[in-house]
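Here the structure is laid out as structure tokens; the discussion comes afterwards.
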Amino acid sequence: MGKISLARIDSRLAHGDLVKDWCQTYGLKKVIIANDLTAKDPIRVEVMDLTIPDEIESTYVTVADVKDFLDKNEGEYFLLVENTSDLEEILDAGVEIKEVNVGIIHLAIGKKSLTELVAVDEDDLRIFDKIKAQGAKIFIRTSVFDDEEKII
């Protein structure tokens, strides 16, 4: 059975050196990109795979399929999701997550800025509280080179 060592909420999903940097920092060799649109779009998968080094195994699944994938596959994974509600669905399915990194959540109608790159609404804050209540460490950190910021 696989497990999630680090989950990251990032509106951009996999891009640039993000996967390489976080996987190196946490000693991981596998990433799961859990996103319904991406999992069903081979072009999006191909574009994201261009940013992921060959030595890191990438898997693209729908949000609903994360638990089943982990049940059938061994190893430790870096999980990328686009938003808090996707992460909540994964947690509600029974997936245990040790750490949650909030990277970038784009500003949108109804959201207020917590930091320059993280905007939240009441539902996001509720989900953050739920993550904390489950015992996971949760923090804001845009890149591995930045300092951690606590979630209010």
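The values are calculated or read from the model by the stated rules, or taken from the named source; none is laboratory data. Not measured: the values here are computed from a predicted model. Neighbour counts are summed over all protein chains in view; Cβ atoms, including those assigned to glycine, are modelled from backbone coordinates with ideal geometry.
Report whether or not ALA93 is of a type in the set (Gly, Ala, Ser) and over 19 Å from SER5 (Cβ atoms).
No, not satisfied.
Okay, residues lined up against (1) among the aliphatic types (A, V, I, L, M); (2) surrounded by 15 or more Cβ atoms within 10 Å (Cβ to Cβ); (3) under 16 Å from the mean Cα position of the chain (by Cα); (4) at pLDDT 95 or above:
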site: TYR77; (1), (2), (3), (4): no, yes, yes, yes
site: LEU80; (1), (2), (3), (4): yes, yes, yes, yes
site: ASP86; (1), (2), (3), (4): no, yes, yes, yes
site: ILE90; (1), (2), (3), (4): yes, yes, yes, yes
site: LYS98; (1), (2), (3), (4): no, no, yes, no
site: GLY103; (1), (2), (3), (4): no, yes, yes, no
site: HIS106; (1), (2), (3), (4): no, no, yes, no
site: LEU117; (1), (2), (3), (4): yes, yes, yes, no
site: ALA133; (1), (2), (3), (4): yes, no, no, no
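From ASP65, ASP71, grab the single residue that is without any contact (Cβ under 8 Å) to a residue 40 or more places away in the chain and farther than 25 Å from ALA119 by Cα.
Values: ASP71 fails: without any contact (Cβ under 8 Å) to a residue 40 or more places away in the chain.
Just one listed residue meets the conditions, ASP65.
Hey, could you check the stretch 12-22 for residues that are assigned to a loop (DSSP other than H, G, I, E, B) and touching a strand residue (DSSP E or B) at 6+ places or on another chain (Cβ under 9 Å) and say which is nearest to LEU87 (Cα to Cα)?
Going through the qualifying residues, I end up with LEU13.
Restricting the search to the stretch 13-42, which residues are on the phi > 0 side of the Ramachandran plot and either of a type in the set (A, V, I, L, M, F, W, C) or at pLDDT below 95 (or both)?
Passing the criteria: LEU13, GLY16.
Applying the selection to the stretch 1-19, what residues are closer than 13 Å to VAL144 by Cα and under 14 Å from the mean Cα position of the chain (by Cα)?
LEU6, ARG8, LEU18, VAL19
List every residue pair whose Cβ atoms sit under 8 Å apart, with the two residues 6 or more apart in sequence or on different chains, where the first one lies in the stretch 138-152 and is touching a residue at least 60 places away in the same chain (Cβ under 8 Å) and over 10 Å from GLY103 (Cβ atoms) and the second, anywhere, is β-branched (Val, Ile, Thr) and exposed (fewer than 14 other Cβ atoms within 10 Å of the Cβ).
Matching pairs, first to second residue: VAL144/THR25.
Test of understanding: among THR25, THR38, which residue is in contact with a Phe, Trp or Tyr (Cβ under 9 Å, 6 or more places away or on another chain), of a type in the set (S, T, N, Q) and assigned to a helix (DSSP H, G or I)?
Sole residue among the options that is in contact with a Phe, Trp or Tyr (Cβ under 9 Å, 6 or more places away or on another chain), of a type in the set (S, T, N, Q) and assigned to a helix (DSSP H, G or I): THR38.
Among ILE4, ILE9, which is outside any helix (DSSP H, G or I), surrounded by 14 or more Cβ atoms within 10 Å (Cβ to Cβ) and touching a Phe, Trp or Tyr at 6+ places or on another chain (Cβ under 6 Å)? Full working, then the answer.
Numbers: ILE9 fails: touching a Phe, Trp or Tyr at 6+ places or on another chain (Cβ under 6 Å).
Sole residue among the options that is outside any helix (DSSP H, G or I), surrounded by 14 or more Cβ atoms within 10 Å (Cβ to Cβ) and touching a Phe, Trp or Tyr at 6+ places or on another chain (Cβ under 6 Å): ILE4.
If you go through the stretch 84-127 one residue at a time, how many are within 19 Å of SER143 (Cβ to Cβ) and either polar (S, T, N, Q) or in contact (Cβ under 8 Å) with a residue 24 or more places away in the chain (or both)?
Final tally of qualifying residues: 12.
In the stretch 63-75, what residues are among the aliphatic types (A, V, I, L, M) and surrounded by fewer than 17 Cβ atoms within 10 Å (Cβ to Cβ)?
Within the stretch 63-75, ALA64 is the sole residue that qualifies.
Regarding the stretch 43-61, can at least one residue be identified that is at pLDDT 95 or above, surrounded by 21 or more Cβ atoms within 10 Å (Cβ to Cβ) and either assigned to a helix (DSSP H, G or I) or in contact with a helix residue (DSSP H, G or I) (Cβ under 7 Å, 6 or more places away or on another chain) (or both)?
Scanning the stretch 43-61, I find at least one residue that is at pLDDT 95 or above, surrounded by 21 or more Cβ atoms within 10 Å (Cβ to Cβ) and either assigned to a helix (DSSP H, G or I) or in contact with a helix residue (DSSP H, G or I) (Cβ under 7 Å, 6 or more places away or on another chain) (or both), so the answer is yes.
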